[in-house]
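Scroll down for the structure; my scribbles are underneath it.
The values are calculated or read from the model by the stated rules, or taken from the named source; none is laboratory data. All of these numbers come straight from a predicted model, not from anything done at the bench. Every residue, glycine as well, gets a Cβ built from its backbone with ideal geometry; the counts of neighbours run over all protein chains shown. These area figures cover heavy atoms from the full protein model, side chains too; ligands, DNA and RNA do not enter into them. Shrake-Rupley method; radii C 1.70, N 1.55, O 1.52, S 1.80 Å.
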Amino acid sequence: MNKDEQVLYDFFCQIGKVNNSVDYPLILINSWLKRDYESVVADYDKKDEVLDAYNHCIIASSLDRPLYEAIKKIKGWN
């Protein structure tokens, strides 16, 4: 994985383990992008790094890999 993919993978795994899903990390990213701080309350020390990585991966169409790898890890797939 490249640097941006790794940042997202780490974020998805760390935050996603709470709900056993990558749904919540994606909801967080969406709320941060919309600057909707009232509907979702979460403080993540690397928020700006995650948003930069997310934007770079969207532009490069490389979001699938960190998502898939994080889902594998969270779900315990080999």
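Observations on the model:
- Subset of the range 13-36 (residues that are free of Cβ contacts under 8 Å to residues at least 60 places away in the same chain and either in contact with a Leu (Cβ under 6 Å, 6 or more places away or on another chain) or open to solvent by less than 20 Å² (accessible area, probe 1.4 Å) (or both)): G16, V22, P25, L28, I29, S31, W32
- Qualifying positions in the range 3-26 - aliphatic (A, V, I, L, M) and closer than 10 Å to V50 by Cα: V7, L8
- Where M1 falls short, out of the listed (1) at pLDDT below 90; (2) loosely packed, with under 14 Cβ neighbours inside 10 Å; (3) part of a loop (DSSP other than H, G, I, E, B): (1)
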